[in-house]
Amino acid sequence: MSQATQQDAETGVIESVSGPVVTARDLDARMNDVVYVGDEGLMGEVIEIEGDITTIQVYEETSGVGPGEPVENTGEPLSVDLGPGMLDAIYDGTQRPLDVLEEKMNSAFLDRGVDAPGIDLEKEWEFQPEVEEGDEVSAGDVVGIVEETVTIDHKVMVPPDSEGGEVVSVESGDYTVEDTVVELDNGEEITMHQEWPVRTPRPAVEKKTPTKPLISGQRVLDGLFPIAKGGTAAIPGPFGSGKTVTQHQLAKWADADIVVYVGCGERGNEMTEVIEDFPELDDPKTGNPLMARTCLIANTSNMPVAARESCIYTGITIAEFFRDMGYDVALMADSTSRWAEAMREISSRLEEMPGEEGYPAYLSARLSQFYERAGFFENTNGTTGSVSVIGAVSPPGGDFSEPVTQNTLRIVKTFWALDADLAERRHFPSINWNESYSLYRDQLDPWFEENVTEDWSEIRQWAIDVLDEESELQEIVQLVGKDALPEDQQLTLEIARYLREAYLQQNAFHPTDTFCPPEKTHLILTTIKTYNDEAFEALDAGVPVEDLVSLDSTPRINRIGVQEDYEEFIEELKEDITEELRGMY
Amino acid sequence: MKEYQTINEISGPLVYAEVDEPIGYDEIVEIETEDGRTLRGQVLESSDGLVAIQVFEGTSGIDRDASVRFLGETLKMPVTEDLLGRVMDGTGQPIDGGPEIVPESREDIIGAAINPYSREYPEEFIQTGVSAIDGMNTLVRGQKLPIFSASGLPHNDLALQIARQASVPEEEEEGDEGSEFAVIFGAMGITQEEANEFMDDFERTGALERSVVFANLADDPAVERTVTPRLALTTAEYLAFEKDYHVLVILTDMTNYCEALREIGAAREEVPGRRGYPGYMYTDLATLYERAGRIQGREGSVTQIPILTMPGDDDTHPIPDLTGYITEGQIYVDRDLNSQGVQPPVNVLPSLSRLMDDGIGEGLTREDHGDVANQMYAAYAEGENLRDLVNIVGREALSDRDNKYLDFADDFETDFIDQGFDTNRELEDTLDLGWDLLSQLPKEELNRIDEEFIETYYVDDEGEEVEATAD
Ligand SMILES: Nc1ncnc2c1ncn2[C@@H]1O[C@H](COP(=O)(O)OP(=O)(O)OP(=O)(O)O)[C@@H](O)[C@H]1O
Ligand SMILES: [Mg+2]
């Protein structure tokens, strides 16, 4: 959280306290101003003004805070600190670095009333200028570069609200984020540090149609329901169905430049897992440690509710900042339902008129404003960058008809529906292939066809058809048993079984299977298709179906996922399947 | 300290009083009734001139003339290692006739959140001796793993079996006692009979010495139940993070806790969430469940096994639903299995331990553990799925393959799950038993198991039987 200057502070007095909501009298404030509440100076934000009474949501626990204590206004909206030092960091919902808090509080437990800037203001970074004296620069332009991590060059940009002008002096060398590195003729001093109010999207020139996939290394996603770089996706599912594992998989393997992972109202241990695992894992793109491209925001379920409401905005603003530098950013929010519930909780304390299921009437508006900040953009500095947003949704009772799921589905273009039945059978990832969809599929096909294989969409359609047929056949099987089906349909069921087991399923915890490049995804399908084509030939030639479904070679299809040298393995397997089947007639 | 006789409204568990000084949110209140009883409560809302107080013992006996004192601090639990072996009521007052408790410190029962950065990821396997858990839903130190049950089912027997048998095999081998083990038992609204069941078992096994009991019984005030688990967890955190104990916290019955929350919400005329439960119940439950865990640089740990009874056996009910969204898995106790006489009647299919993957495998339990569990899940699910079909078409109409899966599902229940409440199985035996069962299926079917492990563990001779060791 950016430390707003405390001059010009207007002071008010607490009138009432109810959980995270505090009202104050005599406070001169604007909506969304940051205020410090009570003797301990707990951080809060103005969320309603009515007559002389100002309502504040407090980002820290309010136990023991009482009427009569002071409230101080900073006069600044809730903002984040932007600059080098955000990667490899872990923040709470208001961008306080959790490692710094641990040190400052000298405790493993979160105390209150302690503030810390979002980026280290004292650390020196090596600034390499990209402009010279005499150059004209305007808002958004890159004036220099800092190596933020081994993976990421941080672009130092002219702030969006700058007038621009001619560069009159440029520094080069080691500076802190508050030192002036470039000076303009109008006297404006540019530093490596920007602040930006979290509830306002950062400006860009225009939003364009995304045409590149965000490759996830997850077969069912890349193969059947791809998301674009700059796209939006929702993963709804009941508890334990695999939302977090899917989000973690994306954070690990997606071919984004930057990952912003927002743990919003979920478990502490899940964040710890990321902190412990990511430094050990290699970024699939660069081979560097994953943390070097990752920014974590952890406002767990037991941390203050108001900060849970803000953590989503903190995350998306940081994502936009890297987008401005021309990077492809992927933001995961786990879970947007907790964010919506935080809104509901605050809203009900304000005694606002509730909408559906107690959620505020503006739920839908807030959700779309958030997802609208995703996209593939042309930036003000002429570069292009993207923010992809993947939101988990946790519907009560696993029922997708509830408001958060429904309102989200109206906005996002990719829907990965998790299914408790599949999870119970340990079919992972338990993404239901009948219910899920991606509206990006057609616009991404050209990319896959150019970069992976020409028949990408054709063979995918074949797989979808087989799976569709299987669902229909399963209904009959449930009534009469498999043996009552005609032979060709029995064979189809067997093909579909391999599609489910070898293609759709993928073990996130297997060192090799956890990441599946698109080439391998494709080759697995072609292997199953080889089996399909050869087996149907054999069936036509009179080979009984019992023989076709009990080959020696086909069980190896289920082993492709775990093969590192899959190309050779697949080639051999295809040959063996063909040979075995042709030998039958 | 100022005394007020300014109560102007009493409604359900709430009392509203006028004040002329600022009173802090969550502050503790004492109310003295005319007949000389002292009741305790907590400030729920504080505005200029008026406070809403939630009275733990209930409001009966309070009238307008009762006097109200604000203690100027939030609720604290006096903690000391001497609490071990003691029995207290739901507000933390000793009821065992033992000596007065001399606290080493007094800790706020609300409990601050553990900084996620300071946590240590739980990955130390706890052997419970129950195959359904050790083999399929492994528990680790610092995990919160609830039991989802329903009325009339033997969840208490299962909880007791775990408390009795829980051990960390590696430490035993090395003779390294490391940290000591303690059990904290927080009862909320359970019957005297159920409480006795626990107490008798604790006494019989000598576990009481290393236990702390907080008992709010069915006829104790309902609102008090909102405090009981917090007292229990505050004690647990103290023993774990200050005194290096590995603490197992059993909280039962969380359903009663949630009912108390609902009662308070209704009395405050709050806008209710699903099925009348408060909209903030997720957050409230999280402030309990998230108090499980490990902390870097500290020896001890807090492991939680909350028990809840699902109203109408329905796991989409808000209590199990919100719990499942917060905890790290769940163990289902199943009515059908129970009526078949399976003990413990654990249905592994909807059960889950999310921390299992990092707590098992080579160097931790056994190399094949994860694969075996996965395969058994898949096979049991397949067999279970076929059972409906068998009822319609009969076994003869099914293929040989299908029949094998049906047999597997049956044997899985009788041999693997139904071990009895007194059998303590070593993990090694659990896994070997698993291989026995899996070896009923052809090798090619075991596609979730690494080929190497099949080579090593598959029992080729179908007639051979490995005996499950029971002790
Ligand atoms: N792709 C996968 N491969 C293997 N196991 C998986 C996979 N996805 C999920 N699982 C299993 O399912 C468990 C639950 O998954 P996860 O924690 O992601 O659920 P969730 O949907 O986030 O639940 P909640 O809403 O309660 O947070 C995991 O702990 C893991 O055991
Ligand atoms: Mg999750």
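FYI, it's all coordinate maths here, none of it is from the lab. This is a predicted model, so every value here is computed, not measured. Here Cβ is always computed from backbone atoms with ideal geometry, including for glycine, and neighbour counts include all displayed protein chains.
Nearest 10 degrees, 0 to 90: what angle lies between the long axis of helix B:155-165 and the longest principal axis of chain B (Cα atoms)?
Between helix and principal axis, roughly 80 degrees.
What does a probe at A:GLU356 reach in segment A:389-417, counting residues whose amide N is under 16 Å from the point 7 Å along Cα→Cβ?
A:393-412, by backbone N distance to the label point.
Of the peptides A:52-62, A:470-480, B:231-241, how do they stack up when ordered by the mean number of other Cβ atoms within 10 Å, highest first?
Numbers: A:52-62: 23.6, A:470-480: 13.5, B:231-241: 26.5.
The peptides rank, most packed first, as B:231-241, A:52-62, A:470-480.
At R0 = 56 Å, how high is the FRET efficiency between B:VAL102 and A:ASP135 if r is their beta carbon distance? Nearest 0.05 is fine.
Working: r = 74 Å, r/R0 = 1.32.
According to the calculation, E is roughly 0.15.
Among all the lysines, which ones have a C-alpha under 25 Å from B:LYS404's C-alpha, if same-chain residues fewer than 8 places away are not counted?
Here the lysines satisfying the reach criterion relative to B:LYS404 are A:LYS482, B:LYS443.
How many Å³ per residue does the convex hull of the Cα positions in chain A occupy?
Here the figure is 154 Å³ per residue.
Can you spot the lysines whose alpha carbon is less than 23 Å from B:LYS144's alpha carbon? Ignore those fewer than 8 places along the same chain.
A:LYS243, B:LYS243
Quick one: helix B:369-393 against the long Cα principal axis of chain B, what's the angle to the nearest 10°, folded into 0 to 90?
That works out to roughly 80 degrees.
Can you list the aspartates and glutamates whose alpha carbon sits under 14 Å from that of A:LYS212, skipping same-chain ones fewer than 8 residues off?
Straight-distance partners of A:LYS212: A:ASP222, A:ASP255, A:ASP257, A:ASP328, A:ASP442, A:ASP445, A:GLU449, A:GLU450.
Treating the beta-carbon of each Lys and Arg as +1 and of each Asp and Glu as -1, no other charges, what is the dipole magnitude of the protein assembly as shown about its Cα centre, to the nearest 20 debye?
Details: 75 positive and 221 negative charges, 575 e Å.
Dipole about the Cα centre, nearest 20: 2760 debye.
Testing the spin-label approximation: label points 7 Å from Cα along Cα→Cβ at A:ARG30 and B:THR80. State their distance in nm.
Roughly 5.8 nm, to one decimal.
How well do other chains shield peptide B:310-320, expressed as the mean number of their Cβ atoms within 10 Å of each residue Cβ?
Whole-number average of other-chain Cβ neighbours for B:310-320 is 2.
If packing is taken as the average count of other Cβ atoms within 10 Å, what order do B:451-458, B:215-222, B:145-152, A:16-23 fall into, highest mean first?
On the way: B:451-458: 14.4, B:215-222: 19.2, B:145-152: 22.0, A:16-23: 24.0.
Ranked from most to least packed, the peptides come out as A:16-23, B:145-152, B:215-222, B:451-458.
Based on alpha-carbon centroids, what's the gap between segment B:97-165 and segment A:418-446 in Å, whole number please?
35
Which whole-number percent is the relative contact order of segment A:101-209 (Cα, under 8 Å, 6+ apart)?
Values: 185 pairs, mean separation 23.8, N = 109.
Once divided by the residue count of segment A:101-209, the mean separation gives 22 percent.
Once phi is turned into ³J(HN,Hα) by the Karplus curve 6.51 cos²θ - 1.76 cosθ + 1.60 with θ = phi - 60°, what whole-Hz value does each residue of segment A:569-583 show in order, with x for glycine and proline?
Karplus values, whole Hz, x for Gly and Pro: 4, 5, 4, 4, 4, 4, 4, 5, 4, 4, 4, 4, 5, 5, x.
Using only the alpha-carbon atoms, how far is helix A:268-277 inclined from the longest principal axis of chain A? Give it as 0 to 90 degrees, nearest 10.
Compared with the principal axis, the helix lies near 70 degrees.
Using a simple spin-label model with points 7 Å from Cα along the Cα→Cβ vector, what separation in nm is obtained for A:ASP552 and A:ASP185?
About 8.4 nm, to one decimal.
Return the calculated 222 nm mean residue ellipticity for chain A, to the nearest 500 deg cm²/dmol, obtained by summing -39500 (n - 2.57) across DSSP H runs with n ≥ 4 and dividing by the residue count.
On the way: 14 runs with 177 residues, N = 585.
Value at 222 nm, helices only: -9500 deg cm²/dmol.
Averaged over peptide B:273-283, how many Cβ atoms belonging to another chain are found within 10 Å of each residue's Cβ?
The shielding value for this peptide is 6.
For segment A:357-426, what number results from the quotient of the Cα radius of gyration and 2.2 N^0.38 Å?
On the way: Rg = 15.6 Å, N = 70, 2.2 N^0.38 = 11.1 Å.
Against the compact-globule rule of thumb, the ratio is 1.41.
How do the peptides A:151-157, A:168-174 rank, highest first, by the average count of neighbouring beta carbon atoms within 10 Å per residue? Don't jump to the answer; show the numbers that get you there.
On the way: A:151-157: 22.6, A:168-174: 13.3.
Going from most to least packed, we get A:151-157, A:168-174.
Summing +1 for each Lys or Arg and -1 for each Asp or Glu, what net charge is found among the other residues whose Cβ lies under 11 Å from the Cβ of B:ALA240? Display every interim value, and only then the final one.
On the way: positive: B:ARG141, B:LYS243, B:ARG291, B:ARG294, B:ARG298; negative: B:GLU180, B:GLU237, B:GLU242, B:ASP244, B:GLU299.
Cβ neighbours under 11 Å give a net charge of 0.
Can you show me the helix-derived [θ] at 222 nm for chain B, built from DSSP H runs with n ≥ 4 at -39,500 (n - 2.57) apiece and divided by the number of residues, rounded to the nearest 500.
-9000 deg cm²/dmol
About its Cα centre, what dipole magnitude does chain A give when the only charges are +1 on Lys and Arg Cβ and -1 on Asp and Glu Cβ, stated in debye to the nearest 20?
On the way: 41 positive and 118 negative charges, 364 e Å.
Dipole about the Cα centre, nearest 20: 1740 debye.
Give me the number: length gained by fully extending B:GLU451 to B:ARG275, i.e. 0.36 nm times residue separation minus the C-alpha to C-alpha distance, one decimal in nm.
Values: separation 176, 0.36 × 176 = 63.36 nm, distance 4.99 nm.
So the chain would gain 58.4 nm between B:GLU451 and B:ARG275.
Please compute the length gained on full extension between A:ASP421 and A:GLU568, using 0.36 nm multiplied by the number of residues separating them and subtracting their Cα-Cα distance. All intermediate terms of the calculation are to be shown ahead of the outcome.
Numbers: separation 147, 0.36 × 147 = 52.92 nm, distance 3.51 nm.
In short, 49.4 nm is gained.
Scaled to the compact-protein estimate 2.2 N^0.38 Å, what is the alpha-carbon radius of gyration of segment A:11-77, rounded to two decimal places? Before the final figure, lay out each step's value.
On the way: Rg = 9.9 Å, N = 67, 2.2 N^0.38 = 10.9 Å.
Output field value: 0.91.
Count the DSSP beta bridges whose two residues both fall in chain B, then state the antiparallel fraction as a percent rounded to the nearest 5.
Details: 43 of 74 bridges.
Bridges in chain B are about 60 percent antiparallel.
Once the convex hull of the alpha carbons of chain B is built, what does its volume come to per residue, in cubic angstrom? Numbers along the way, then the final one.
Numbers: hull volume 75.9 nm³, N = 471.
Enclosed volume per residue, from the Cα hull, is 161 Å³.
Under 20 Å from a point placed 7 Å out from the Cα of A:GLU166 along the Cα-to-Cβ direction: which residues of segment A:181-200 have their backbone N that close?
Of the residues in segment A:181-200, A:181-190 have backbone N under 20 Å from the label point off A:GLU166.
Please compare each pair in A:LYS252/A:LYS520; A:LYS252/A:LYS413; A:LYS520/A:LYS574; A:LYS529/A:LYS574 to a cut-off of 20 Å on the Cα-Cα distance and tell me which ones are over it. Before the final figure, lay out each step's value.
Details: A:LYS252/A:LYS520 18 Å; A:LYS252/A:LYS413 22 Å; A:LYS520/A:LYS574 14 Å; A:LYS529/A:LYS574 10 Å.
Long pairs (Cα-Cα over 20 Å): A:LYS252/A:LYS413.
Around B:PRO154, what is the net charge, scoring Lys/Arg as +1 and Asp/Glu as -1 over all other residues with Cβ under 12 Å from its Cβ? Mind dumping the intermediate values first?
On the way: positive: B:ARG335; negative: B:ASP157, B:GLU194, B:GLU197, B:ASP334.
Around B:PRO154, the charge tally is -3.
As an exercise, identify the chymotrypsin sites (Phe, Trp or Tyr not before Pro) in segment B:369-427 lying in DSSP coil whose Cβ has no more than 16 other Cβ atoms within 10 Å. Spell out each step's value before the answer.
On the way: sites: B:TYR377, B:TYR380, B:TYR405, B:PHE408, B:PHE412, B:PHE416, B:PHE421; in loops: B:PHE421.
Loop-located and lightly packed - B:PHE421.
Summarise the partner chain shielding of A:358-365 as one whole number: the mean count of Cβ atoms from other chains within 10 Å of each residue's Cβ. Walk me through the numbers before you get to the answer.
Numbers: counts 7, 2, 0, 0, 0, 0, 0, 0.
For this peptide, the per-residue mean of nearby foreign Cβ atoms is 1.
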